[in-house]
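We did not get these values from a lab; they are worked out from the coordinates using the rules stated. Just so it is clear, the model here is predicted, and its values are computed rather than measured. Cβ sites come from the backbone with ideal geometry, for glycine too, and all protein chains shown count toward neighbours.
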Amino acid sequence: MTLDKMIEKAYHLICGRRVEQIEEGVYNVVGEHGTYTVMRDLSGSVTCNCPGFASRKKCSHSLAVIMINNPDLLRRIERELRREERGLKSKR
Ligand SMILES: [Zn+2]
C-alpha cells in the first residue's frame, strides 16, 4: 500500500469514528481486519499492534492517531482528498 492510500484510509477511519481514545495515549482502532491498539507516547511517536506495523513500522491505524492529535495536518489532508475527489469527478 502506498503512503497516500494509507493516509486516505486513516482519514476514513477517523470520519467513520473508528478511532476511540480509551485512556491517555491509548487508542482503540477498528480496522478492516480487526481491532488494534495504538499507543502514543509523550514525544508523539506511535506504535500499533497490527501485522502491518510490525513489518513496515507504519499503518493506517497509527496514522489515524497521529492525525487526530494534529488538527492542522488533518485539515490539510482533508483538503487534499477533497481536491482529489473533485479531480476524479471532472474526468468522468
Ligand atoms: Zn495498525
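Quick look at the values:
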{"item": "Flag for Lys5 being out of contact with any Gly (no Cβ under 7 Å at 6 or more places or on another chain), within 16 Å of the ligand (Cβ to nearest atom), in contact (Cβ under 8 Å) with a residue 24 or more places away in the chain and charged (D, E, K, R)", "result": "no"}
{"item": "Flag if Ile22 is surrounded by fewer than 18 Cβ atoms within 10 Å (Cβ to Cβ) and either more than 9 Å from the ligand (Cβ to nearest atom) or not β-branched (Val, Ile, Thr) (or both)", "result": "yes"}
{"item": "Positions within the stretch 15-69 being in a strand (DSSP E or B) and either under 19 Å from Lys5 (Cβ atoms) or of a type in the set (Asp, Glu) (or both), in sequence order", "result": "Val19, Glu20, Glu23, Val29, Val30, Tyr36, Val38, Val46, Cys48"}
{"item": "Odd one out for Glu78 among (1) within 16 Å of the ligand (Cβ to nearest atom); (2) surrounded by 11 or more Cβ atoms within 10 Å (Cβ to Cβ); (3) not hydroxyl-bearing (Ser, Thr, Tyr)", "result": "(1)"}
{"item": "Matching residues, the stretch 25-42, being within 10 Å of the ligand (Cβ to nearest atom) and surrounded by 14 or more Cβ atoms within 10 Å (Cβ to Cβ)", "result": "Val29, Gly31, Tyr36, Thr37, Val38"}
{"item": "Subset of the stretch 46-62 [near the ligand (Cβ under 6 Å from one of its atoms) and closer than 17 Å to Glu20 by Cβ]", "result": "Cys48, Cys50, Cys59, His61, Ser62"}
{"item": "Filtered residues of the stretch 40-81 (kept if over 13 Å from Ala10 (Cβ atoms) and either small (Gly, Ala, Ser) or more than 16 Å from the chain's Cα centre (by Cα) (or both))", "result": "Asp41, Leu42, Ser43, Gly44, Ser45, Ala54, Ser55"}
{"item": "Residue check, Tyr27 within 8 Å of the chain's Cα centre (by Cα) and among the hydroxyl-bearing types (Ser, Thr, Tyr)", "result": "no"}
